[in-house]
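**Student:** Have a look at this one.
The values are calculated or read from the model by the stated rules, or taken from the named source; none is laboratory data. Owing to the predicted nature of the structure, the values given are computational and were not obtained by experimental measurement. Glycine gets a Cβ as well: all are built from the backbone with ideal geometry, and neighbour counts include every protein chain shown.
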Amino acid sequence: MAGLSVQSTGSLRVRPTGCTPDGNASSGSSFSFGLRPANRTAALNGGAARATVDSPAAFEQQPWTNGLRARVFYLRVLTDAALTLRLTLESSGPITIPCQGVFGPLEFPATDRVTGVEIKGSGTFEWQALGDRQ
C-alpha cells in the first residue's frame, strides 16, 4: 500500500448576532481547523462512514484495522444523540469522553497513539482513525 494523505481544513467563526457572514473581521473571532503538520501522511486507516449503536448501558467495541496505531481520530454524531466515546491509548490506557455533534479531529503523540475505540449510547455516527502500522 502506498500510504494515505490526510488533510483537515475549515474554521470556526464567532461573531455578534446580526453580523453578516462577510462582515467586518474585527467584529468577532476566527479559529482555523487543521492538523500539525498541515499535510500529514498515514500508513493505515479504519473507521465507518455510517454506523449505528443502540447500547445505552454498555460500550460496544468498533471494528479496528489490525496493526493500526492512530495519530488522528475523528468522530461525528449524525443523529441528535449524545454518545460516550472510549478511546484506548497505547501508554495512557482508556479515556472516556462524552460527545455530541462533531468531535475532532484529535491528534495524538507518537508515544501514545489510539489502539481501539468503543461507543456507548443510541445513535448514528461516523468515525475515522488514521495512523501508523504497529
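**Student:** What is the number of the single condition among (1) in a strand (DSSP E or B); (2) modelled with pLDDT of 95 or more that Gly131 does not meet?
**Tutor:** Of (1) in a strand (DSSP E or B); (2) modelled with pLDDT of 95 or more, only one is false for Gly131: (2).
**Student:** Given the structure, is Val6 under 14 Å from the mean Cα position of the chain (by Cα) and modelled with pLDDT under 95?
**Tutor:** Yes: the conditions hold for Val6.
**Student:** Right, something else. Go through region 80-107 and count every residue that is touching a Pro at 6+ places or on another chain (Cβ under 9 Å), hydrophobic (A, V, I, L, M, F, W, C) and modelled with pLDDT of 90 or more.
**Tutor:** 3
**Student:** Can you name the residue in region 88-108 that is in a loop (DSSP other than H, G, I, E, B) and in contact with a strand residue (DSSP E or B) (Cβ under 8 Å, 6 or more places away or on another chain) and, of all such residues, is surrounded by the most Cβ atoms within 10 Å (Cβ to Cβ)?
**Tutor:** Phe108
**Student:** For region 24-79, which strands (runs of 3 or more DSSP E) that fit wholly inside it have 2 or more residues that are touching a strand residue (DSSP E or B) at 6+ places or on another chain (Cβ under 9 Å), crowded, with 16+ Cβ neighbours inside 10 Å and modelled with pLDDT of 90 or more?
**Tutor:** 44-61, 68-77
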